[in-house]
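The values are calculated or read from the model by the stated rules, or taken from the named source; none is laboratory data. None of these values were measured; they are calculated from a predicted model. For neighbour counting, all protein chains shown are included, and Cβ atoms are generated from backbone atoms with ideal geometry for every residue, glycine included. In case anyone asks, the SASA skips ligands and DNA or RNA and just uses the protein heavy atoms, side chains included. Shrake-Rupley method; radii C 1.70, N 1.55, O 1.52, S 1.80 Å.
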Amino acid sequence: MELPTQTYRVTRADLVRYAGASGDFNPIHWSDRTATKVGLPGVIAHGMFTMALVGRAVTTWAGAPDAVVDFNVRFTRPVVVPDTDEGTEVEVAAVVKEVTEDGLTRLDITATCLGEKVLSQARALVRTPR
Amino acid sequence: MSLDPSFVGRTYPPTAPYQVGREKIREFAAAIGATDPAHHDPAAARALGHPDVVAPPTFPVIVTMAASQQIVDDPALGVDYSRVVHGDQRFAYTRPVVAGDELVCVNTIEEVTTRGGHGFLTTRTDVSTVAGEPVVAVWSKIVVRGEA
């Protein structure tokens, strides 16, 4: 079963806010000068910010903010965030793989930016909605 | 410089307790756009059976990233942090993190490998309350890129 795709807009302001809230102030997430110096195409989103957006999608699908039992991702490609009002977009899709005997739902998740996969092996195990 | 594989299996001393604040959960939830009332309103969280507001699923990284500095900064292991990229991340929950939790982290090095000139380091952080109640286990794989 496919779940409805969730789309999240990501701007530089979001990265600044995430840096402050998470305590991850690595300048590759806010300085073009630093990002390009280390060989990146530009400022990139924190991998953990992308994972947090996927977590939002997962809790939305599960219908409860406390439903996540197990959650893992592999970071494969950076989400490049241009310094524009529009920023960029991350699309999160998922399919239900199975419902286990103990009432958990296993999701296989896809996260893409500009049509390219940014995560691989993204999976979540959630409590099935009550 | 390759990472020292003899570190596999090493466990570090427990970190100082981290006090999970209600406002920190609200700030983190707002930063990621998570608007569910249970992240913001204690009454909504209590309706789900929790004592206070519930953290979003990736919130523990705030605690574990700070805790894993004791590994990354271990001069004997030899991680060059300026060459680090995040590889994998996993959270395995016993229960969600809630405001009021006092969390202690125990870091263990699970895997150290070198492939194609790059170093790969997998750490497991067991997060529990000061009373010893397990909350979440967090795995993180970092890649230390080799000199090109």
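Observations, loosely collected:
- DSSP-assigned coil residues among chymotrypsin sites (Phe, Trp or Tyr not before Pro) in the range B:59-148, each with at most 12 further Cβ atoms within 10 Å: none
- Whole-Hz couplings from phi, Karplus 6.51/-1.76/1.60, listed for the range A:57-71; x for Gly and Pro: 4, 5, 5, 5, 5, 6, x, 8, x, 10, 7, 6, 9, 8, 8
- Calculated FRET efficiency for the pair residue B:110/residue A:128, C-beta based, R₀ 25 Å, to 0.05: 0.25
- Qualifying trypsin sites (Lys or Arg not before Pro) for the range B:46-148 [loop in DSSP, other Cβ within 10 Å: at most 14]: none
- Per-residue mean of C-beta atoms belonging to partner chains within 10 Å, peptide A:49-55: 5
- For the protein assembly as shown, the solvent-accessible area with a 1.4 angstrom probe is 46 square angstrom per residue.
- For chain A, the gyration tensor built on C-alpha atoms gives a prolate shape. Its axis ratio a/c (a ≥ b ≥ c) is at least 1.5, and a/b is the larger of a/b and b/c.
- For the range A:28-130, GluC sites (Glu not before Pro) are listed when DSSP marks them as loop and at most 13 other Cβ atoms sit within 10 Å of their Cβ; the list is A:86, A:101.
- The range A:2-55 and the range B:84-148: distance between their alpha carbon centers, rounded to Å: 20
- Rounded if a/c under 1.5, otherwise prolate or oblate - the range B:1-103, Cα gyration tensor axes: prolate
- Label point distance in nm, residue A:16-residue A:2, each placed 7 Å from Cα along Cα→Cβ: 3.8
- Cβ-Cβ FRET estimate between residue A:31 and residue A:86, R0 fixed at 22 Å, reported to 0.05: 0.65
- Considering only A:63, A:103, A:43, and ranking their Cα positions along the charge dipole of chain A that arises from unit charges at the beta-carbon of Lys, Arg, Asp and Glu, the one farthest toward the positive end is A:43.
- The aspartates and glutamates within cross-link reach of residue A:37, meaning a Cα-to-Cα straight distance under 15 Å and a gap of 8 or more places when in the same chain, are B:147.
- Each residue of the range B:86-102 was assigned a 3J(HN,Hα) from its phi angle through the Karplus curve 6.51 cos²θ - 1.76 cosθ + 1.60 (θ = phi - 60°); the sequence is 7, x, 10, 8, 9, 10, 10, 8, 8, 7, x, 7, 10, 4, x, 5, 10 Hz, with glycine and proline shown as x.
- Most positive-pole-ward Cα, A:90, A:10, A:34, against dipole of chain A from beta carbon charges: A:34
- Eligible lysines near residue A:117 by straight Cα distance, threshold 20 Å, same-chain separation 8 or greater: A:97, B:141
- Reachable lysines, given that their alpha-carbon falls under 17 Å from the alpha-carbon of residue B:24 and they are not under 8 places away in the same chain: none
- The charge dipole of chain A, taken about the Cα centre with unit charges on the Cβ atoms of Lys, Arg (+1) and Asp, Glu (-1), comes to about 240 debye, rounded to the nearest 20.
- Selection from B:116, B:57, B:18, by position along the positive dipole direction of the range B:11-148 (Cβ): B:116
- Measuring r between the beta carbons of residue B:70 and residue A:104 and using R0 = 30 Å, the FRET efficiency lands at 0.35.
- Charge dipole (debye, nearest 20) of chain B; +1 at Cβ of Lys and Arg, -1 at Cβ of Asp and Glu: 240
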